[in-house]
Amino acid sequence: MDSDTSDGRFAPQTGGGTAAAVDPGFWRVQRALEASSGLDLRAYKEKQMLRRLTGFMGREGVKDLVTLAELITRDPAVRQRLLDYLAINVTEFFRNPERFDDLAREVWTELRRRWDRLRLWSAGCSNGAEPYSLAILLDELEPGSADRHQVLGTDIDREALREAEAAIYAEDRLKEVSTLRRRRYFRQLSDGRWQVVPEIRRYVRFAVLNLLRDPYPREQHLILCRNVVIYFTETAKQDIFTRLAASLVPGGYLLLGSTETIFQPERYGLRSAAPFLYKRMEEA
């Protein structure tokens, strides 16, 4: 496959002497994944990605990266298993509950004061626990407002999005969900799993979106992009931060994960509003 299948923003990192840089099989895997799924491994940290590929090969009994690249190309089932394995997913409801408390106490009040209809985006939403958490928060603060506010959940993983649309979760995904919230916003199924009630599902829609190459939704009032960019190279991070900031309305907020920080946020038209929370600067 020719190398022009990418837009060229994330060139291979051949410096530093990593195993990935000297193994041509790694780049065959990269090209096969990009051609078949749109996932560009060149935007990820090489050492970490190679470790995950090696772990997957051990599970599947694949002898080397060249063989893996061939399997990715011809076997959709192997390709999907690899995509699932590579996904670093934040899957539980109200993960880091103090962040949601901050949103409810500080951000929501300001956003509702300024806008009647809100657009919220959970980028890298995996199986949907995060966007549904946002929808629950919206409904608690303004009951029955699904016709006014919209939550978008996006991910590159189609299988994860199918799970999100089904809205059925194992018990361990609800460990941060209070008894009151369970009674109000979930129903327990006969197999012990929990399903989000239709009233909350009405707030949320899901779409496939590759943060490295697809257009971003515009005019968002709040974006959550947590525990996603830490796996990318610095070049990829800068591009994503630029595009996330541009997706916000002036005065909108961006919340990152608890291990992620934007240095010099003003470069992107942002300012720090709280730990891991950034606000788009108002236009002059």
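The values are calculated or read from the model by the stated rules, or taken from the named source; none is laboratory data. For clarity, every value in this text was computed on a predicted model and none was experimentally measured. Heads up, the Cβs are rebuilt from the backbone with ideal geometry, glycines too, and the neighbour counts pull from every protein chain shown. Surface accessibility is based on the protein's heavy atoms, side chains included, excluding ligands, DNA and RNA. Shrake-Rupley method; radii C 1.70, N 1.55, O 1.52, S 1.80 Å.
Straight-line cross-link reach from residue 45 at under 18 Å between alpha-carbon atoms covers these lysines, not counting any fewer than eight positions away in the same chain: 237. Rounded to the nearest Hz, the phi-derived 3J(HN,Hα) couplings of the range 49-63 under the Karplus curve 6.51 cos²θ - 1.76 cosθ + 1.60 (θ = phi - 60°) are 5, 5, 4, 5, 4, 5, x, 5, 4, x, 5, 8, x, 8, 6, where x marks glycine and proline.
For the range 152-257, DSSP calls about 35 percent of its internal beta bridges antiparallel. Distance from the Cα centroid of the range 136-155 to that of the range 178-248 is 12 Å (rounded to whole angstrom).
Over the chain, accessible surface divided per residue gives 48 Å², non-protein components excluded, 1.4 Å probe. A 1.4 Å probe, protein heavy atoms only, puts the accessible area of residue 242 near 80 Å². Put simply, the amide H of residue 206, placed in the peptide plane, has neighbours under 5 Å in 153, leaving out anything fewer than 5 places away on its chain.
Considering only 276, 228, 194, the residue lying farthest towards the positive end of the dipole of the chain is 194, judged by Cα position with unit charges set on Cβ. On the chain, 47 percent of the accessible area sits on carbon and sulfur atoms, based on a 1.4 Å probe. Counting only alpha carbon atoms, the long axis of helix 76-86 and the longest principal axis of the chain meet at about 60°.
Give me the percent of DSSP beta bridges within the chain that run antiparallel, rounded to the nearest 5.
40
Ordering 83, 222 by accessible area with a probe of 1.4 Å, largest first, what comes out?
Numbers: 83 35, 222 5 Å².
Largest to smallest exposure gives the sequence 83, 222.
If only the Cβ of Lys and Arg carry +1 and only the Cβ of Asp and Glu carry -1, the dipole of the chain around its Cα centre is close to 340 debye.
Using a simple spin-label model with pseudo-atoms 7 Å out from Cα toward Cβ, residue 193 and residue 260 lie 2.7 nm apart.
Divide by every residue of the chain the summed helix terms, -39500 (n - 2.57) for each DSSP H run of at least 4, and state the resulting mean residue ellipticity at 222 nm, rounded to the nearest 500 deg cm²/dmol. Write out the running numbers ahead of the final one.
Numbers: 12 runs with 114 residues, N = 284.
So the calculated ellipticity at 222 nm is -11500 deg cm²/dmol.
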